[in-house]
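Input: a single structure, listed below in structure tokens.
The values are calculated or read from the model by the stated rules, or taken from the named source; none is laboratory data. Remember, it's a predicted structure, so these values are computed and weren't measured experimentally. Cβ coordinates were reconstructed from backbone atoms using ideal geometry, including for glycine residues, and neighbour counts include every protein chain displayed. Side chains included, ligands, DNA and RNA excluded: accessible areas come from the protein's heavy atoms. Shrake-Rupley method; radii C 1.70, N 1.55, O 1.52, S 1.80 Å.
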There are 2 protein chains.
Amino acid sequence: MIDDTSTSRVAAQDADTDETRRLISSSKVEGTNVYNLEGEHVGSVNSFMVDKHSGKVSYAVMSFGGFLGIGERYHPLPWGALKYDTNAGGYIVNITREQLEGGPSFARDEDPWTDPEYGRRVHSHYGLPYSM
Amino acid sequence: MIDDTSTSRVAAQDADTDETRRLISSSKVEGTNVYNLEGEHVGSVNSFMVDKHSGKVSYAVMSFGGFLGIGERYHPLPWGALKYDTNAGGYIVNITREQLEGGPSFARDEDPWTDPEYGRRVHSHYGLPYSM
């Protein structure tokens, strides 16, 4: 077990550094903690997927589990499912740990995005409408 | 002088790994080389700024110069000024090296985005319309 308290405080501080009211740096999004509505730490943002045509962020790719990167799995979430919370110093999602654990995920050496239906499955799992 | 040829080839390969036709990973955007219309390597993408309200990428933050991170300066470009070129394995901008060198820039420990007029100045320098 790792105590996440100090980590989340650091993330909060980092996230503030490169933010104005509207803009946030990609380097600050990456590594930011994600909590559910019960305040449980459910993971952190590893990276995110950008739509090259529209320039919009489409998915946050969360990581959780694994040890020293071994066995780590990546869980994409529709970007609209994340709300930044200044007090928590991280993102809040209305998603249970069980929903996340049962959601679409991939290993470091996998690239699920080559499947054009993958995004639709991610949205469907979290009960969100899909439009591309 | 550093030979950029091998670096750009690596970036091209990396950029392809996490791409579908529409999606690109934030981790692949970061580090991707930027060339001007003359094919000169003018820098690389260090990070980018995301608009939290619209979820859109607003600026690519380019880095060039510096040695081991010392003296490195960050040059934000309006995201719309960058076009990805698969053959080059990087982004192409219609911007001369002189325009870039004379453009708005900041040091590692500076945060220009707290100035609400900064984005406007960046757009203005590159002759692009500003809307927020």
Query - Per-q log10 I(q)/I(0), segment A:30-125, q = 0.13, 0.18, 0.24 Å⁻¹ (Debye; single scatterer per alpha-carbon; no solvent) - result: -0.42, -0.83, -1.42
Query raised in the report: Given a Förster radius of 30 Å and the C-beta distance between B:His53 and B:Glu101 as r, what FRET efficiency does 1/(1 + (r/R0)^6) yield to the nearest 0.05?
Result: 0.40
Report summary line: Pseudo-spin-label distance B:Leu37 to B:Ser131, built 7 Å along Cα→Cβ, given in nm, is 2.4 nm
Report summary line: Here the correct list, in nm and shortest first, of distances from B:Leu128 to the same site in the other copies, label points 7 Å along Cα→Cβ, is 2.6
Report summary line: Taking a crude spin-label model, label points 7 Å out from Cα along the C-beta direction, the B:Lys83 to A:Ser124 distance in nm is 3.7 nm
Query raised in the report: Could you give the nm distance between label points at B:Arg21 and B:Asn94, where each point is 7 Å from its Cα heading toward the beta carbon?
Result: 2.6 nm
Query raised in the report: Quick one: label points 7 angstrom along Cα→Cβ at A:Asp85, distances to the other copies in nm, smallest first?
Result: 4.6
Report task. Provide the buried accessible surface between chains A and B in square angstrom, both chains summed, 1.4 Å probe, rounded to the nearest 100. Result -> 2900 Å²
**Report entry** Heavy-atom accessible area ranking, 1.4 Å probe, most first, across A:Glu38, A:Glu30
**Finding:** A:Glu38, A:Glu30
Report task. Could you tell me the accessible area of B:Ile92 in Å² (1.4 Å probe, neighbours in place), rounded to the nearest ten? Result -> 40 Å²
Query raised in the report: Which FRET efficiency, nearest 0.05, do A:Glu72 and B:Glu117 yield, Cβ-Cβ r, R0 45 Å?
Result: 0.60
